[in-house]
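Enquirer: Input: one structure, supplied below.
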Amino acid sequence: MGCVCGHGKESYEKYLEPLREILACYSPEQASLIPILQEAQEQYGYLPKDILGEIADSLQMSLAKVYGVVTFYTQFHLEPRGKNVVRVCTGTACHVRGAAEVLKAIEDELGVESGGTTEDLEFTLETVACIGACGLAPVIMINDDTHGRLSPDKVAAILDSYREKQAGAVPEHGAVAATAV
Ligand code: FES
């Protein structure tokens, strides 16, 4: 199988090294599929087709069957994801307090719709049902941080802080960011 990015055989082998280490930790049977997929996604950020092919071969499963499992579970992703995952709550409490406007502001700021990933792979934008912080509605989560009582005008600065965070320019965000309290 050739490398997806057109690299030579040697590069492809290097690319597969982490997967081989993961596969070595599990017995080659179908029961190992889910934990292998989880670890592979952790390693590669998503589940590229060639990685799924290697996993299928290793477990002596058809690629179609592996795809069936991957597409069944929302935890698995077949496309690259952003370094930061933005989840906008659209549950009832957030909905009545303006979640749609917050979502629109984020979509405009990032230039992607819900479900999309920015071209620079900085952000993936998703909507979710209630995330259990209704008292702070409307709420978004960015990675593990909760931002509450949002309004559309606060969105740009929050997203910028994550871009800067990537560059190491601002301190760590807490579990509940300042906008949430
Ligand atoms: S509805 Fe948004 S946190 Fe509960």
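The values are calculated or read from the model by the stated rules, or taken from the named source; none is laboratory data. From a predicted model like this one, the values you see are computed outputs, not experimental measurements. Methodologically, a virtual Cβ is constructed for each residue, glycine included, from the backbone with ideal geometry; neighbour enumeration extends over all protein chains shown.
Enquirer: Please give the number of the condition Glu109 fails out of (1) surrounded by 16 or more Cβ atoms within 10 Å (Cβ to Cβ); (2) not assigned by TED's automatic domain parsing to the domain that holds Val139.
Expert: (2)
Enquirer: Also, I was wondering about something else. Please pick out the residue among Glu126, Glu122 that is within 16 Å of the ligand (Cβ to nearest atom) and touching a residue at least 24 places away in the same chain (Cβ under 8 Å). Walk me through how you get there before you give the answer.
Expert: On the way: Glu122 fails: within 16 Å of the ligand (Cβ to nearest atom).
Being within 16 Å of the ligand (Cβ to nearest atom) and touching a residue at least 24 places away in the same chain (Cβ under 8 Å) holds for just one of Glu126, Glu122, which is Glu126.
Enquirer: Within segment 106-119, which residues are in a helix (DSSP H, G or I), within 17 Å of the chain's Cα centre (by Cα) and more than 16 Å from the ligand (Cβ to nearest atom)?
Expert: Glu107, Leu110
Enquirer: Taking only segment 66-83 into account, find how many residues are buried (at least 19 other Cβ atoms within 10 Å of the Cβ) and modelled with pLDDT under 95.
Expert: Here the count works out to 1.
Enquirer: Give me a count of the residues in segment 71-105 that are within 15 Å of the ligand (Cβ to nearest atom), in a helix (DSSP H, G or I) and among the β-branched types (Val, Ile, Thr). Let's see the steps before the verdict.
Expert: Applying the first criterion (within 15 Å of the ligand (Cβ to nearest atom)) to segment 71-105 yields 86-103.
The next check asks that each one be in a helix (DSSP H, G or I); those that pass are 92-96, 99-103.
With among the β-branched types (Val, Ile, Thr) added as a condition, the list becomes 92, 96, 102.
Here the count works out to 3.
Enquirer: Give Ile22, Ile34 a once-over and let me know the one that is part of a helix (DSSP H, G or I), at pLDDT 95 or above, among the β-branched types (Val, Ile, Thr) and in contact with an Asp or Glu (Cβ under 9 Å, 6 or more places away or on another chain).
Expert: On the way: Ile34 fails: in contact with an Asp or Glu (Cβ under 9 Å, 6 or more places away or on another chain).
Of Ile22, Ile34, the one residue that is part of a helix (DSSP H, G or I), at pLDDT 95 or above, among the β-branched types (Val, Ile, Thr) and in contact with an Asp or Glu (Cβ under 9 Å, 6 or more places away or on another chain) is Ile22.
Enquirer: Among the residues of segment 138-163, count how many are closer than 16 Å to Gly98 by Cα and either touching a Ser or Thr at 6+ places or on another chain (Cβ under 9 Å) or exposed (fewer than 15 other Cβ atoms within 10 Å of the Cβ) (or both). Spell out the reasoning first.
Expert: Narrowing segment 138-163 to residues closer than 16 Å to Gly98 by Cα: 138-141, 147-155.
Filter once more, so that each one left must be either touching a Ser or Thr at 6+ places or on another chain (Cβ under 9 Å) or exposed (fewer than 15 other Cβ atoms within 10 Å of the Cβ) (or both): 138-140, 147-151, 153-154.
Of the residues in segment 138-163, 10 are closer than 16 Å to Gly98 by Cα and either touching a Ser or Thr at 6+ places or on another chain (Cβ under 9 Å) or exposed (fewer than 15 other Cβ atoms within 10 Å of the Cβ) (or both).
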